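Written below as structure tokens is the structure these notes are about.
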Amino acid sequence: MQIQESGEMYLETILILSKDIGTVRSIDVGEYMGFSKPSVSRAIKLLKDGGYITVNPEGHLFLTDVGLELAGKIYERHNFLTDFLVKLGVDAQTAATDACKIEHHISDSSFKAIKKFVNKNM
């Protein structure tokens, strides 16, 4: 199943929240992202059906191995690209916003090339 950008954002949010607060519920995701309960419920169902997350009887969300791998990839891209843009002189807020746009669309090969260049030259 090919996941859309919004799904990637939900997975990244679950990863971030799990690091920050431990157990994550749908309501936590909605509050963090600023989305309505129905929107979050629909997304959670799609992620669960796609095998990216599991939900226990208490309503806690857990990333599967596949979900964790994808969330980690997006999270790494976000942090790396944000830092890269800040190093170029972009203010932190704009850098984070732009990184969020780029992280979902950049190819693996382009990201690896940028990462290699930055690590070698900056």
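The values are calculated or read from the model by the stated rules, or taken from the named source; none is laboratory data. Being a predicted model, the structure only gives us computed values, none of them experimental. Every residue, glycine among them, receives a Cβ derived from its backbone with ideal geometry; neighbour counts consider all protein chains shown. We work out accessible area using only protein heavy atoms, side chains counted, and drop any ligands, DNA or RNA first. Shrake-Rupley method; radii C 1.70, N 1.55, O 1.52, S 1.80 Å.
General observations
- Checked against the criteria, LEU46 counts as assigned to a helix (DSSP H, G or I) and surrounded by fewer than 19 Cβ atoms within 10 Å (Cβ to Cβ).
- Residue selected from the stretch 19-33 under the condition small (Gly, Ala, Ser) and at pLDDT 95 or above, by the criterion least open to solvent (accessible area, probe 1.4 Å): GLY30
- GLU58, sole failed condition from (1) open to solvent by less than 80 Å² (accessible area, probe 1.4 Å); (2) of a type outside the set (S, T, N, Q); (3) at pLDDT 95 or above; (4) in a loop (DSSP other than H, G, I, E, B): (1)
- Scanning the stretch 1-43 for residues that are in a helix (DSSP H, G or I) and not charged (D, E, K, R) yields a total of 23.
- Filtered residues of the stretch 47-70 (kept if of a type in the set (A, V, I, L, M) and either over 16 Å from the mean Cα position of the chain (by Cα) or within 13 Å of ILE14 (Cα to Cα) (or both)): LEU47, ILE53, VAL55, LEU61, LEU63, LEU68, LEU70
- Count of the stretch 94-113 residues, restricted to those that are of a type in the set (Val, Ile, Thr), assigned to a helix (DSSP H, G or I) and surrounded by fewer than 17 Cβ atoms within 10 Å (Cβ to Cβ), is 2.
- Residue in the stretch 83-91 that is open to solvent by 40 Å² or more (accessible area, probe 1.4 Å), hydrophobic (A, V, I, L, M, F, W, C) and part of a loop (DSSP other than H, G, I, E, B) present: yes
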